[in-house]
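Peer 1: This is the structure I want to talk about, given as structure tokens.
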Amino acid sequence: MAKKKALITGITGQDGSYLSELLISKGYDVYGMVRRASVERFDRIAHLQERLTLVQGDLTDQSSLDEAVKTVQPDEVYNLAAQSFVPTSWNQPTLTGEVTGLGTTRVLEAVRKTRPEARFYQASSSEMFGKVRDVPQTELTPFHPRSPYGVAKVYGHFITINYRESYNLYACSGILFNHESPRRGLEFVTRKITNAVARIKLGLSKELRLGNLDAKRDWGYAGDYVEAMWLMLQQDEPDDFVVATGETHTVKEFVEAAFGSAGLDWEKHVVIDPRFIRPAEVELLIGDPSKARKKLGWKPRVSFDELVKMMVEGDLKELKKGA
Ligand code: NAP
Ligand code: F7E
């Protein structure tokens, strides 16, 4: 039987790298879309490069997406590309709308025109719940996004559902809560914390400047969450799913756990800096993954404490290697 082909946008990101590993292990031919930059940064997929095929494209450029889908003729398309950092979305709101919102329509258009039988996954986000209307949040909780990023993701979510209903595409939206790993970008709070812990432990730094320590997030492990993406595309019918752990922790709890795991007292090092406070905050996220558990047979494997430890150890190892 011919190998299945998957096309991943955002392959150079955290999730793109874990999803590539998963699909390669399942025997897929994996194609990844990358955009041109003056310096190529493929760190997260460097260990996979010989087993991947890279194609050039950009979510702001329709013709490149049409060409990629036409050339690859994928069985599955995972749209992971986005301007994904919430604070940047206030600074670059129209770019965020272009990439994170309209970019989804462009990928869907490419699929509709040249490969309508392909199955499509949209990387939706718990940021769509924003000022939450239900606790915990489910697939039926109304949205109230609190950032231009969240607003753009609501558009991406509904355009995915609209293409499913209008053109009968097999299109799914995965509403994923925060998921982290040693490959998380350094600007996101978990990795910012674990990287600082490792630097302080090794005597390379003394302080860590943070914003709101009271925000609560439902944090899981990225390696677990990409499995849910794949499972969504293996069902008889396309559908939308919340993917979460069902547990919530404050940023402060993450700080305490990370410093504690390295034998450090966080209160001696953390400084609150108003520069990191957001114009509008998402105070509380906690997802109910019952539907994913029941219909996909999915459940998270890595606990909060294991995740924190894995990330601190990852940063210590990387810094020691670079020393
Ligand atoms: P990430 O690490 O920020 O990766 C984003 C990817 O998008 C990168 O590969 C980036 O490429 C690419 N990209 C950005 N702008 C692009 C453009 N104009 N054209 C083509 N590619 C572009 O994000 P992630 O954490 O892996 O998340 C994956 C997806 O899930 C994103 O859509 C994110 O919004 C969504 N999501 C993430 C979480 C989470 O907790 N991680 C939760 C819910 C939803 P470069 O390397 O060239 O910058
Ligand atoms: O912030 C607080 C901040 O930037 C988490 C993206 O992957 O998940 C991510 O979005 C919380 C917020 O992630 C700092 O105010 C305090 O309450 O790690 P974050 P996020 O905004 O939740 C969702 C699901 C996505 O879809 C997004 O793409 O931490 N916080 N102090 C801070 N956050 C940052 N970044 N830096 C701080 O210094």
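Peer 1: Can you tell me how many residues in the range 26-55 are open to solvent by less than 90 Å² (accessible area, probe 1.4 Å) and in a helix (DSSP H, G or I)?
Peer 2: Counting residues in the range 26-55 that are open to solvent by less than 90 Å² (accessible area, probe 1.4 Å) and in a helix (DSSP H, G or I) gives 5.
Peer 1: Test each condition in (1) more than 24 Å from LEU169 (Cα to Cα); (2) touching a Phe, Trp or Tyr at 6+ places or on another chain (Cβ under 9 Å) for GLY101 and report the one that comes out false.
Peer 2: Exception for GLY101: condition (1).
Peer 1: Can I ask one more? Of all residues being open to solvent by 10 Å² or more (accessible area, probe 1.4 Å) and either within 16 Å of ligand 2 (Cβ to nearest atom) or part of a strand (DSSP E or B) (or both) in the range 100-123, which is farthest from ARG164 (Cα to Cα)? Just the residue, please. It would help to see each step written out before you state the result.
Peer 2: From the range 100-123, those open to solvent by 10 Å² or more (accessible area, probe 1.4 Å) are 102, 105-106, 109, 112-117, 119, 123; that's our starting set.
Within this subset, residues satisfying the condition of being either within 16 Å of ligand 2 (Cβ to nearest atom) or part of a strand (DSSP E or B) (or both) are 119, 123.
Details: ARG119: 10, ALA123: 15 Å.
The residue in question is ALA123.
Peer 1: Then there is this: Quick one: in the range 294-306, of everything that is assigned to a helix (DSSP H, G or I) and surrounded by 17 or more Cβ atoms within 10 Å (Cβ to Cβ), which residue is nearest to the chain's Cα centre (by Cα)?
Peer 2: Of the residues in the range 294-306, the ones assigned to a helix (DSSP H, G or I) are 294-296, 304-306.
Pick out the ones that are also surrounded by 17 or more Cβ atoms within 10 Å (Cβ to Cβ) and you get 296, 304.
Working: LEU296: 19, PHE304: 17 Å.
The selected residue is PHE304.
Peer 1: Which ones in the range 193-210 are within 13 Å of LEU316 (Cα to Cα) and open to solvent by 50 Å² or more (accessible area, probe 1.4 Å)?
Peer 2: If the condition is that a residue be within 13 Å of LEU316 (Cα to Cα) and open to solvent by 50 Å² or more (accessible area, probe 1.4 Å), then ARG199, LYS201, LEU202, GLY203, LEU204 are the ones that fit.
Peer 1: Given the residues LYS309, LYS291, LYS321, which is the only one that is open to solvent by 30 Å² or more (accessible area, probe 1.4 Å), modelled with pLDDT of 95 or more, out of contact with any helix residue (DSSP H, G or I) (no Cβ under 7 Å at 6 or more places or on another chain) and in a helix (DSSP H, G or I)?
Peer 2: Details: LYS309 fails: out of contact with any helix residue (DSSP H, G or I) (no Cβ under 7 Å at 6 or more places or on another chain); LYS321 fails: modelled with pLDDT of 95 or more.
Among LYS309, LYS291, LYS321, only LYS291 is open to solvent by 30 Å² or more (accessible area, probe 1.4 Å), modelled with pLDDT of 95 or more, out of contact with any helix residue (DSSP H, G or I) (no Cβ under 7 Å at 6 or more places or on another chain) and in a helix (DSSP H, G or I).
Peer 1: Then there's this: Take the residues in the range 174-220 that are under 13 Å from the mean Cα position of the chain (by Cα) and among the polar types (S, T, N, Q); name whichever of them is farthest from THR245 (Cα to Cα).
Peer 2: Selected residue: SER181.
Peer 1: Further, regarding this structure: Restricting to the range 1-15, name every residue that is within 21 Å of the chain's Cα centre (by Cα) and either open to solvent by 60 Å² or more (accessible area, probe 1.4 Å) or under 23 Å from THR114 (Cα atoms) (or both). So that I can check it myself, show each step before the final result.
Peer 2: At the first step, the residues of the range 1-15 found to be within 21 Å of the chain's Cα centre (by Cα) are 6-15.
Once the filter is applied, which keeps residues that are within 21 Å of the chain's Cα centre (by Cα) and either open to solvent by 60 Å² or more (accessible area, probe 1.4 Å) or under 23 Å from THR114 (Cα atoms) (or both), the range 1-15 yields ALA6, LEU7, ILE8, THR9, GLY10, ILE11.
Peer 1: Could you tell me which numbered condition SER173 fails, if it satisfies all but one of (1) under 24 Å from VAL99 (Cα atoms); (2) away from ligand 2 (no atom under 14 Å from the Cβ)?
Peer 2: Against the list (1) under 24 Å from VAL99 (Cα atoms); (2) away from ligand 2 (no atom under 14 Å from the Cβ), SER173 comes up short only on (2).
Peer 1: Return the pairs, sorted by first residue and then second, in which the second residue is outside any strand (DSSP E or B) and hydroxyl-bearing (Ser, Thr, Tyr), the first residue lies in the range 1-28 and is more than 20 Å from GLN56 (Cα to Cα) and more than 16 Å from ligand 2 (Cβ to nearest atom), the beta carbons are less than 7 Å apart, and the residues are 6+ apart or on different chains.
Peer 2: Taking only residues 6 or more apart or on different chains, the pairs are LYS3/TYR28; LYS4/TYR28.
Peer 1: Go through PHE158, PHE188 for me and flag whichever is surrounded by fewer than 23 Cβ atoms within 10 Å (Cβ to Cβ), without any contact (Cβ under 8 Å) to a residue 12 or more places away in the chain and in contact with a strand residue (DSSP E or B) (Cβ under 9 Å, 6 or more places away or on another chain).
Peer 2: Working: PHE188 fails: without any contact (Cβ under 8 Å) to a residue 12 or more places away in the chain.
Criteria check complete, one pass: PHE158.
Peer 1: What's the number of the condition ILE45 fails, among (1) away from ligand 2 (no atom under 16 Å from the Cβ); (2) hydrophobic (A, V, I, L, M, F, W, C); (3) more than 18 Å from the chain's Cα centre (by Cα)?
Peer 2: Just one mismatch for ILE45, condition (3).
The values are calculated or read from the model by the stated rules, or taken from the named source; none is laboratory data. In this text the structure is predicted, and so the values were computed from the model without any measurement. Every residue, glycine as well, gets a Cβ built from its backbone with ideal geometry; the counts of neighbours run over all protein chains shown. SASA here: full protein model, heavy atoms, side chains in, ligands and nucleic acids out. Shrake-Rupley method; radii C 1.70, N 1.55, O 1.52, S 1.80 Å.
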